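The values are calculated or read from the model by the stated rules, or taken from the named source; none is laboratory data. Every value quoted in this text rests on a predicted model; they were computed, and no experiment measured them. For neighbour counting, all protein chains shown are included, and Cβ atoms are generated from backbone atoms with ideal geometry for every residue, glycine included. Calculation scope for accessible area: heavy atoms of the full protein, side chains included, ligands and nucleic acids excluded. Shrake-Rupley method; radii C 1.70, N 1.55, O 1.52, S 1.80 Å.
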Amino acid sequence: MKFENKPLTDNKYVLDWIEECAALTNPDKIVWITAEEDQLEELRKQACETKELYKLNEELLPNCYLHRTAVNDVARVEARTFICTRTKEDAGNINNWIEPQECYARLSKLYKNAMVGKTMYVIPYAMGQLGSTFAKYGVELTDSIYVVLNMAIMTRAGTAVGKYLDEHFIKGLHATATLDPDNRYICHFPEDNTIWSVNSAYGGNVLLGKKCFALRIASYLGRKEGWMAEHMLILGLQSPDGIIKYVAAAFPSACGKTNLAMLIPPEYYKKKGYKIWCVGDDIAWLRIGSDGRLWAVNPENGFFGVAPGTNEHSNPNALAATKRDTIFTNVCHDLDNNTVWWEGLNDNPPKNALNWKGEKWDYTKYDKNDKINTSGAHPNSRFTAVAKNCPCVSPEFDNPDGVPISAVIFGGRRAKTAPLVYQSFGWQHGTFVGSIMASETTAAAAGAIGVVRRDPMAMRPFVGYDMGDYWAHWLEMGKKIPNPPKIFHVNWFRTDDEGHFIWPGFGENMRVLMWILSRCENKVDAKETPIGFVPYAKDINLEGSGVSEETLEDLLSIDTESWKADISNIREFYALVGDRVPTEMKIELAALEKRLG
Ligand code: OXD
Ligand code: MN
């Protein structure tokens, strides 16, 4: 096998696997990614020559680039995502499944000679701090410079990883191939530590360290090894005395995780000296610490955030993080000053611009009911930003031991059913609360309004095995954590009868976090209700929020009828998950039904 540069490991297991993949895909060259600046800069130059990347204004956006994907390749594709365990039962009813040997055979045909005339890049990377208890290692083989440069931001990649590669590493093979959507496959072989992704070049499908490894494969490993991989942000709330308490929170995709992770406290709290630190915006790996608490790290090294809607008000920290060293994908290109723009950035769309497809864009034709065809930026356009460039990145970001978690928060998007916040009765009930997480489609989305999608722990697309077994693992973990975090549920999306949101959200969510932490410290009472402990309105500080006490009462009220109606939907969902739903979950469901009367 001919490498263009020196291999970063001499581990035979690793080298044999690379050889096997090279024999299949047949690249012209194989290059090891050291991730040194010189190498990355050379790759950026090459990608600019082929128009895979566009260099943006160096003064306004230093070291920033724009990339456009194929128009048919703009998001994760759950229908093309598979968990290939030996038995279908182990993948479970919620996941798509293909028998592994059949899958390898089918995909081998698509990989065959897919890299002819191209370079295969070998990216050694770590999820988590190198050498830490949390860290896991992988190698991604890819023919895309865009993938290399994104992985260099999103993970700890390059030379230093070489010495950690052994037979436990996660083998990721990505080939762009023809981008044929009918032959697009994102396949996971958890029993083989393997990920195969072909015919896509969209981040969520091809940055294999993220959803594929850090959630799907890692959730499988976590169950086997006694830890957890979750779709959660991690933030630290610092009080004026300097003490920082950490929470981990799971929300379905597109429910504002990145915004909450980087929240700016309302003026009232800021003046008193409160501050929020972001440890992670998407993924948490959790382990039981020697002190009996649950500790968390963010295994990533960057943010792959949704651009539209990010602005000075919604998330100034994320915006600041995108001002340098960022790769923008499918945003609008402002040709006058060679910068980028997206819907919701400001009210000043560029007049001389290309849309996300690279076509001349006329902002006056924007139609919110046909965003894909009329918007400047694709609704799922992204920024890939370096975590350390975020002004509120936590000083503990690189701590190999992670941070101790006081509270786990599950978030839904419900118009009526869930109150602003409630606390579960304990770990088992909290696991149940996570299992019934849901979001409702809103008027803004295409299709019917109010359709409930169950998204347990926000992990529906990301559990690498059977969902019932996953809940059982949560219950098992609960038994093993001597001092577990308390479990809460929040809902920022409650609406009035006209469908308007009644909670202001964004920075004001801090008020709810304050109540949650007070509960963790046993500082406030709460009202016991059929669904859990709900705050007394007096215990959520509204000063400066513009929210009236009456609205807060409304936000905290429990709509018993909609809960009762929800029970049958939950039961149907449990039936769909199937035989492996733990008895404890069914007991919790029956108990909830009984409490509702
Ligand atoms: C993401 C997602 O991109 O959850 O983080 O879809
Ligand atoms: Mn996510």
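Give the percent of DSSP beta bridges with both residues in the range 1-159 that are antiparallel, rounded to the nearest 5. Mind dumping the intermediate values first?
Values: 11 of 17 bridges.
The answer is about 65 percent antiparallel.
Rounded to the nearest 500, what is the chain's calculated 222 nm mean residue ellipticity when only DSSP H runs of at least 4 contribute -39500 (n - 2.57) each, over all residues? Can you show the working numbers first?
Values: 17 runs with 160 residues, N = 597.
Here the helix-only value at 222 nm equals -7500 deg cm²/dmol.
With the other protein chains left in place, how much accessible area per residue, in square angstrom, belongs to the range 161-223 at a 1.4 angstrom probe?
Working: 1480 Å² over 63 residues.
Dividing the accessible area of the range 161-223 by its residue count gives 23 Å².
Excluding same-chain residues fewer than 8 positions from K51, which lysines have a Cα within less than 21 Å of its Cα?
Filter leaves K29, K118, K357, K360.
Which percent of the accessible heavy-atom area of the range 17-153 goes to carbon and sulfur, probe 1.4 angstrom? Don't jump to the answer; show the numbers that get you there.
On the way: 2790 of 5720 Å².
Answer for the range 17-153: carbon and sulfur cover 49 percent of the accessible area.
Find which of M457, N93, A353 sits farthest along the positive direction of the dipole of the chain, computed with +1 on the beta-carbon of Lys and Arg, -1 on that of Asp and Glu, about the Cα centre.
N93
At 7 Å along Cα-to-Cβ for each site, give me the label-to-label distance between A160 and E191 in nm.
Output for this residue pair reads 3.7 nm.
For a test of the definition: using alpha carbon positions, the gyration tensor, and the 1.5 limit on a/c, classify the range 143-231 as rounded, prolate or oblate. Please list the in-between numbers first.
Values: a/c = 1.87, a/b = 1.30, b/c = 1.43.
Because a/c hits 1.5 or more and a/b fails to exceed b/c, the range 143-231 counts as oblate.
Quick check for me: using +1 on Lys/Arg Cβ and -1 on Asp/Glu Cβ, what's the dipole size of the range 83-208 about its Cα centre, in debye to the nearest 20? Mind dumping the intermediate values first?
Values: 11 positive and 12 negative charges, 64 e Å.
So the magnitude is around 300 debye.
Excluding ligands, DNA and RNA, what is the solvent-accessible area per residue of the range 1-40 at a probe of 1.4 Å, expressed in Å²? Working shown, then result.
Details: 2320 Å² over 40 residues.
So the range 1-40 comes to 58 Å² accessible per residue, rounded to a whole number.
Taking the Cα centre of the range 1-142 as origin, work out the dipole magnitude from +1 charges on Lys and Arg Cβ and -1 charges on Asp and Glu Cβ, in debye rounded to 20.
On the way: 18 positive and 22 negative charges, 96 e Å.
With only Lys, Arg, Asp and Glu charged at Cβ, the dipole is about 460 debye.
Would you work out what percent of the accessible area of the range 298-338, with all protein chains in place, is carbon or sulfur (probe 1.4 Å)?
Numbers: 560 of 1210 Å².
About 46 percent, which is the carbon plus sulfur part of the accessible surface.
Report, in debye and to the nearest 20, how large the dipole of the chain comes out about its Cα centre when Lys and Arg carry +1 and Asp and Glu carry -1 on their Cβ.
Working: 66 positive and 76 negative charges, 84 e Å.
Roughly 400 debye, rounded to the nearest 20.
Per the 1.4 Å probe, what fraction of the accessible area of the range 453-597, in percent, lies on carbon and sulfur atoms? It would help to have the intermediate numbers written out before the result.
On the way: 3060 of 6310 Å².
Using a 1.4 Å probe with all protein chains present, the range 453-597 comes out at 49 percent carbon and sulfur.
Set the Förster distance to 51 Å, then compute FRET efficiency between R106 and E528 from the Cβ-Cβ distance, nearest 0.05. Walk me through the numbers before you get to the answer.
On the way: r = 54 Å, r/R0 = 1.06.
The computed FRET efficiency comes out at 0.40.
Relative contact order of the chain: what whole-number percent is it, with Cα pairs under 8 angstrom and at least 6 residues apart? Don't skip to the answer; put the middle values down first.
On the way: 1304 pairs, mean separation 83.5, N = 597.
That works out to 14 percent.
Keeping all protein chains in place, calculate the accessible area per residue for the range 468-570 (probe 1.4 angstrom), answer in Å². Don't jump to the answer; show the numbers that get you there.
Numbers: 4520 Å² over 103 residues.
For the range 468-570, the per-residue accessible area is 44 Å².
With the crude spin-label approximation of a point 7 Å out along Cα→Cβ, what separation in nm comes out for K29 versus Q238?
It works out to 4.6 nm between the two label points.
If the limit is 25 Å between Cα atoms, which of K112/K224; K88/K109; K486/K523; K2/K112; K245/K523; K245/K270 go over it? Numbers along the way, then the final one.
On the way: K112/K224 33 Å; K88/K109 23 Å; K486/K523 14 Å; K2/K112 19 Å; K245/K523 14 Å; K245/K270 16 Å.
Where the Cα-Cα span goes over 25 Å, the pairs concerned are K112/K224.
Indicate the gyration tensor shape class of the chain (rounded, prolate or oblate), computed on the Cα atoms with a ≥ b ≥ c the square roots of the eigenvalues: a/c under 1.5 is rounded; otherwise a/b larger than b/c is prolate and the rest oblate.
Details: a/c = 1.62, a/b = 1.32, b/c = 1.23.
Verdict is prolate for the chain.
Pull up the DSSP beta bridges for the chain and report the antiparallel fraction as a percent, rounded to 5. It would help to have the intermediate numbers written out before the result.
Values: 63 of 97 bridges.
In the chain, approximately 65 percent of DSSP beta bridges are antiparallel ones.
For the range 346-477, count the residues as N, evaluate 2.2 N^0.38 Å, and divide the Cα radius of gyration by that value, please.
Numbers: Rg = 20.5 Å, N = 132, 2.2 N^0.38 = 14.1 Å.
Computed over Cα atoms of the range 346-477, the ratio equals 1.46.
Given the protein chains as shown and a 1.4 Å probe, how many square angstrom of E549 are accessible, to the nearest 10?
Approximately 100 Å² of E549 is accessible to the 1.4 Å probe.
Rounded to the nearest 10 Å², what accessible area does K45 show when all protein chains are kept and the probe is 1.4 Å?
So the heavy atoms of K45 present about 110 Å² to solvent.
Remind me, relative contact order of the range 315-433 in percent, using alpha carbon pairs under 8 angstrom and six or more residues apart? Present the calculation step by step, with values, prior to reporting the outcome.
Details: 136 pairs, mean separation 30.5, N = 119.
Here the relative contact order equals 26 percent.
Just name one of I170, T417, A472: the one whose Cα is farthest towards the positive end of the charge dipole of the chain (beta-carbon charges, Lys/Arg +1, Asp/Glu -1).
A472
How much FRET efficiency would the formula 1/(1 + (r/R0)^6) give for N348 and K594, where r is the Cβ-Cβ distance and R0 is 56 Å, rounded to 0.05?
Values: r = 56 Å, r/R0 = 1.00.
It comes out at approximately 0.50.
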